[in-house]
């Protein structure tokens, strides 16, 4: 167990020193192998076998299709479509931001892509319409997490592979929490802005004009909106595996972008491919080193020892679930969502099995907690990325962010943890 804590300490220190996450895990794996006296070449073969998984091929396919959607201007059409419903109310642009992040998440599966595609458009637009800049930034940051919860979610693909669970069921585990969280964020947005008279609201249109606006924007965005239904419909109907659905999504994106919307060019495809390759490559490197280190830990029985240590703290299931939530929150604060999902699978799965918690339920606990951690200081990569988009200092948006987290995301974490039906209802339909 001592070597395990040393490896974790090395990872934390290196990340705080701003060493890239992949190299932090790689150095930690080398330190662990050296101190434990194990042959890392043996573990490297295991790591290579894991990242060669057919299911993991879905990751670059979804990343590339999502990147192409953002590069091809698809996000503009989604924003205009959602805006036609709620854009003409006080706080309506905030709700547009939340729902657009949710829709974009259902296309890309990446929170950072949602911030880049939606945040760069909506933050300046909200500020021009009189929204507090801190509120606009915070709303983009917290809404980006919906991309991690609404399928196809990249961290959930990785979690399913690491725990050998059904990718389709793991996808569905976080869908209902994601939808509920989107509705909560919309409600909080309206609540926080209800008395703000500086916000400019467009003149209401007659019902017939509203219907016409919805119809026109719906036609323009229809091919983008139905994409998640094509992906998920293929997976849950049994027609396609998640990897095959990712390939279909990529081909669909190229056809729509080149032949119908005509917003894609070969230069944009090259740019999107480069961005997707960099993101996928960094994720694969992290996963490889994590699997290498995890193999040594599993052979040393460290996960079961860690489970035994937690079980000596208390035999109360509620107390242990709260401890697990705290550990996941800390993981989310320190590492990215993909790394956190693998660490949770390796370290906490034995505890979960001992407590008799359904692995699919645990997937939802992991997804909601890591999302909360990714926008919680001190590290908060998604929070700082949103701040970079708006060019604000942390003190200008940390307050609004904490209100959204404490009143929205934290209660959802507790609901998902202690009411399993929220995350198990949809996966149960596949049985």
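The values are calculated or read from the model by the stated rules, or taken from the named source; none is laboratory data. Note that this is a predicted model, so its numbers are computed, not measured. All Cβ positions, glycine included, derive from the backbone under ideal geometry; neighbour counts span all protein chains shown.
Checking the condition crowded, with 18+ Cβ neighbours inside 10 Å, under 13 Å from residue 63 (Cα atoms) and at pLDDT below 85, which residue from 283, 292 passes?
Values: 292 fails: under 13 Å from residue 63 (Cα atoms).
The match here is 283.
For segment 40-96, which helices (runs of 4 or more DSSP H) that fit wholly inside it have 1 or more residues that are at pLDDT 75 or above and under 28 Å from residue 183 (Cα atoms)?
Numbers: elements: 40-51, 58-71, 74-86.
Qualifying helices (runs of 4 or more DSSP H): 58-71, 74-86.
Of the residues 191, 180, which single one is closer than 30 Å to residue 360 by Cβ, surrounded by fewer than 18 Cβ atoms within 10 Å (Cβ to Cβ) and at pLDDT 80 or above? It would help to see each step written out before you state the result.
Details: 191 fails: closer than 30 Å to residue 360 by Cβ.
None of the others qualify; the one that does is 180.
Among the listed residues 346, 357, 398, 419, identify the single one that is surrounded by fewer than 22 Cβ atoms within 10 Å (Cβ to Cβ), under 30 Å from residue 29 (Cα atoms) and modelled with pLDDT of 85 or more. Show your work before the answer.
Numbers: 346 fails: modelled with pLDDT of 85 or more; 398 fails: under 30 Å from residue 29 (Cα atoms); 419 fails: under 30 Å from residue 29 (Cα atoms).
It is 357.
Considering every residue within segment 258-267, establish whether at least one is touching a helix residue (DSSP H, G or I) at 6+ places or on another chain (Cβ under 7 Å), in a helix (DSSP H, G or I) and farther than 22 Å from residue 148 by Cα.
To start, the set of residues in segment 258-267 that are touching a helix residue (DSSP H, G or I) at 6+ places or on another chain (Cβ under 7 Å) comprises 260, 263-264.
Pick out the ones that are also in a helix (DSSP H, G or I) and you get 260.
Filter once more, so that each one left must be farther than 22 Å from residue 148 by Cα: 260.
Yes; the residues of segment 258-267 include at least one that is touching a helix residue (DSSP H, G or I) at 6+ places or on another chain (Cβ under 7 Å), in a helix (DSSP H, G or I) and farther than 22 Å from residue 148 by Cα.
In this structure, does residue 172 turn out to be touching a residue at least 12 places away in the same chain (Cβ under 8 Å) and over 19 Å from residue 90 (Cα atoms)?
Numbers: touching a residue at least 12 places away in the same chain (Cβ under 8 Å): yes; over 19 Å from residue 90 (Cα atoms): yes.
Yes, satisfied.
Taking only segment 287-314 into account, find how many residues are farther than 23 Å from residue 46 by Cα and either in contact with a helix residue (DSSP H, G or I) (Cβ under 6 Å, 6 or more places away or on another chain) or in a loop (DSSP other than H, G, I, E, B) (or both).
Here is the first cut: in segment 287-314, the ones farther than 23 Å from residue 46 by Cα are 307-314.
Okay, now just the ones that are also either in contact with a helix residue (DSSP H, G or I) (Cβ under 6 Å, 6 or more places away or on another chain) or in a loop (DSSP other than H, G, I, E, B) (or both), so 307, 310, 314.
Total satisfying the criteria: 3.
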